[in-house]
Amino acid sequence: MSTDTSSKSLADSVTVGQNGPGALSVAAIIMAVAGGALCIMALASKTGREAFGFAYLWGFTFVWVLVLGSLFIVALHHATGAVWSVVIRRVAEMFAAPMWIVGIFFIPVLILCFWHDIPLFKWLHYEEGHDTLASKRAYLNAPFFLVRGVGFFILWILFARFFVGKSLAQDMQKHTESVTAKMRRFAPGFIILFAFTGSFASFDWLMSLDPHWFSTVFGVYIFGGMVATALAAITIMVVWLRSTGRLGQGVVSNEHLYSLGTLMFAFTCFWAYIWMSQYMLIWYGNMPEETIYFFKRGMIGPNWSSPSVWSQVSLLLVVVRFILPFGLLLSRNSKTNPRRLVIASSVILVGQLVDLYWMIMPEMPAHIPVFQLSTLGPPLLMVGLLILYISRFIARHRCVPVGDPLFDRSCKFHL
């Protein structure tokens, strides 16, 4: 009886809305308006228009890795039957739910592919000749590109609606074991589909920017950054929701924060391992069709030691993507300290932005400046709209899945 009473009191401490996250909505609107204004400014000039496609792809791929990574974490929770992550699963779900919005963001990518004033994918304007691209035309062609992209989003949106919808329905039901069992049955299948669709999407939207270059670990590289990014965003939101009381009293403890911090630390190291493996093998092989990728980024070539913009960006990437997060998350205390976790998570998010910028922007025509203020427009606009959706989600639903059969055990989780 005492266990039931304790569980009921913890669940009752989590309410819906609480006057809504007004500050979050205001911040989201400011970001979206500022981003929209910068987008208009970019499209008003010739140089801005030439860079706009790459800036838009930068913003799109950032929200894509964040949302799809969160959906993967939701599915991973169900596939493993984890107990500790029950109380933070709803936060992952609120980041996974707007997959349909990311699908809308993808539509301009398709439009930009065929807008000659805004060059983006070189292989779309390929002319027949003696070139290695001839052997890739069966894959790199506009109709197949469109079908793949639409197909990816249909699958991701359906699974996002399934997992989030079932989870929200649990809060209103009495017997939820069957719902949990159903989500667990579907989770492994999604993870397999995620591995294929996420990898091929990264080939289409990022690796094919230089259609001659290829890497056999590129999909794994994107996966490592994707999960670390999602974990960082989830951690920041968990800390903020806990501080405002929206997660209830005593629901999320330092033990849960430690587990989040440990996962972020692990995927930070995993990303660095894959990044170094890709670089080392290409450097050692020294094949022109592979080294050109790092040559553009100031890391390989006769003048690799001379300072340049991209060599400095490459150094910044190593610092913000690995060195700083590694140091910030190394100790146990840092994994349980909310302020340090937020700092480390923020650095990881900045590192992901730098990583995507490092992947996308060197493929711009040489006469376009490396950075323009208007480049920030698309990511600000899309992140602002994403946060606005999440603020509405928080106002309408509980921030923890109180209907999950393992909710009480998760609240009492202890390492």
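The values are calculated or read from the model by the stated rules, or taken from the named source; none is laboratory data. What you are looking at is a predicted structure, and each value in this text was computed from that prediction instead of being measured. We place every Cβ from the backbone using ideal geometry, glycine too, and count neighbours over all the protein chains shown.
Data for the structure
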{"item": "Test: residue 119 is surrounded by 15 or more Cβ atoms within 10 Å (Cβ to Cβ), modelled with pLDDT under 95 and part of a helix (DSSP H, G or I)", "result": "no"}
{"item": "Test result for residue 111, under 21 Å from the mean Cα position of the chain (by Cα) and more than 25 Å from residue 259 (Cα to Cα)", "result": "no"}
{"item": "Selection status of residue 241, crowded, with 17+ Cβ neighbours inside 10 Å, part of a helix (DSSP H, G or I) and in contact with a Pro (Cβ under 9 Å, 6 or more places away or on another chain)", "result": "yes"}
{"item": "Identity of the residue in the stretch 170-210, free of Cβ contacts under 8 Å to residues at least 12 places away in the same chain, in a helix (DSSP H, G or I) and exposed (fewer than 14 other Cβ atoms within 10 Å of the Cβ), that ends up nearest to the chain's Cα centre (by Cα)", "result": "196"}
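Here is a yes/no grid of residues against (1) basic (Lys, Arg); (2) closer than 24 Å to residue 246 by Cα; (3) modelled with pLDDT of 95 or more; (4) in a helix (DSSP H, G or I):
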{"residue": "7", "(1), (2), (3), (4)": "no, yes, no, yes"}
{"residue": "47", "(1), (2), (3), (4)": "no, no, no, yes"}
{"residue": "53", "(1), (2), (3), (4)": "no, no, no, yes"}
{"residue": "58", "(1), (2), (3), (4)": "no, no, yes, yes"}
{"residue": "65", "(1), (2), (3), (4)": "no, no, yes, yes"}
{"residue": "82", "(1), (2), (3), (4)": "no, yes, no, no"}
